[in-house]
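The values are calculated or read from the model by the stated rules, or taken from the named source; none is laboratory data. Here the structure is a predicted model, which means the values were calculated and not measured. With ideal geometry, Cβ positions are generated from the backbone for all residues, glycine too; neighbour counts draw on all protein chains shown. All accessible areas refer to the heavy atoms of the entire protein, side chains included, with ligands and DNA or RNA removed. Shrake-Rupley method; radii C 1.70, N 1.55, O 1.52, S 1.80 Å.
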Amino acid sequence: SLGGSQKKIDFNVNGGLKQFGNYNDGDGVEVPSSFNTYDYATKLGWSPTSNQRLQVQWRQSFGRDILHVGLPMDTDIDNSNVATVDYSIKNVSPKVKSITAKVYGSSIGHVMSNTLRPNRMMVEAVATVYAQTAGGRAEVQLMPSSKSLLYFGGDFRYVGRDGERDRKM
């Protein structure tokens, strides 16, 4: 992770790598459960005034050769992308305490197969799934009196999925 900040701007970049192997159960039998993943994320924030904040984030992660103990298929490829933009302003006026908004989107590409499974001799199976999600939300916090707060807001979310499964017997 690497980050830095000044009075009005800040950033962070981070990443990771995970490589895990199979494990042995209590009887010493090897259980296929290994996986490889790597990811990175970036965040950039800007505060143009003391009561405002704008933040943009981007994250990608990549999974490879993920062996699932309890499933008939393993994950060959799992790629995901996520982006978000957040904005907030506080103490807008005596009656408007804050306004916040968020917009986000993600896409995922996922491929599973039984290439490394014993049942491949009878059935070859490959499943691909592509998923997209996008949305946003906004909220206004009102203060009609010193002892009450009212919240108004709305949100929207779109979810799309597309995929196919191929089998050869």
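Solvent-accessible surface of the range 1-92, averaged per residue with a 1.4 angstrom probe and all protein chains in place: 65 square angstrom. Which of the residue pairs Lys43/Lys102; Lys43/Lys95; Lys8/Lys147; Lys43/Lys97 have a Cα-Cα distance greater than 24 Å in the structure shown? Pairs exceeding the cut-off: Lys43/Lys95; Lys8/Lys147; Lys43/Lys97.
Extension gain for Thr42-Leu71 works out to 7.1 nm (0.36 nm per residue, less the C-alpha to C-alpha distance). What a 1.4 Å probe finds exposed on the chain is 58% carbon and sulfur by accessible area, rounded to a whole percent.
Note that the range 158-163 has calculated 3J(HN,Hα) couplings of 10, 10, x, 9, 8, x Hz, one per residue in order, obtained from phi through the Karplus relation 6.51 cos²θ - 1.76 cosθ + 1.60 (θ = phi - 60°); glycine and proline are x. With the dipole of the range 114-166 worked out from charges on the C-beta (+1 for Lys and Arg, -1 for Asp and Glu) around the Cα centre, which of Ala127, Leu149, Asn114 lies farthest toward the positive end? Checked the options; the winner is Leu149.
Would you indicate which of (i) 9.5; (ii) 14.8; (iii) 13.2 is the value of mean projected area of the Cα convex hull in nm² derived from the coordinates of this structure? Among (i) 9.5; (ii) 14.8; (iii) 13.2, the one derived from this structure is (ii). Subtracting the Cα-Cα distance of Arg167 and Ala83 from 0.36 nm times their residue separation leaves 26.8 nm of extension gain. For the charge dipole of the range 23-75, defined by +1 on Lys and Arg C-beta atoms and -1 on Asp and Glu C-beta atoms about the Cα centroid, which residue among Ala41, Pro72, Asn51 has the Cα displaced farthest towards the positive pole? The residue sitting farthest along the positive end of the dipole is Asn51.
Rolling a 1.4 Å probe over the heavy atoms of the protein chains gives the range 118-169 an accessible area of 83 Å² per residue. In sequence order, the range 138-151 has phi-based couplings of 9, 8, 10, 9, 9, 10, x, 8, 5, 10, 9, 10, 10, 10 Hz under the Karplus curve 6.51 cos²θ - 1.76 cosθ + 1.60, θ = phi - 60°, and Gly or Pro positions carry x. As a rough guide to protection, the peptides 117-128, 152-163 ranked by mean Cβ packing within 10 Å, highest first, stand as 117-128, 152-163. Considering only Ser61, Val96, Val82, the residue lying farthest towards the positive end of the dipole of the range 32-125 is Val96, judged by Cα position with unit charges set on Cβ. As a rough guide to protection, the peptides 4-14, 22-32 ranked by mean Cβ packing within 10 Å, highest first, stand as 4-14, 22-32. Peptides 42-53, 104-115 ranked from most to least packed give 104-115, 42-53, packing being the mean of other C-beta atoms within 10 angstrom over each peptide's residues.
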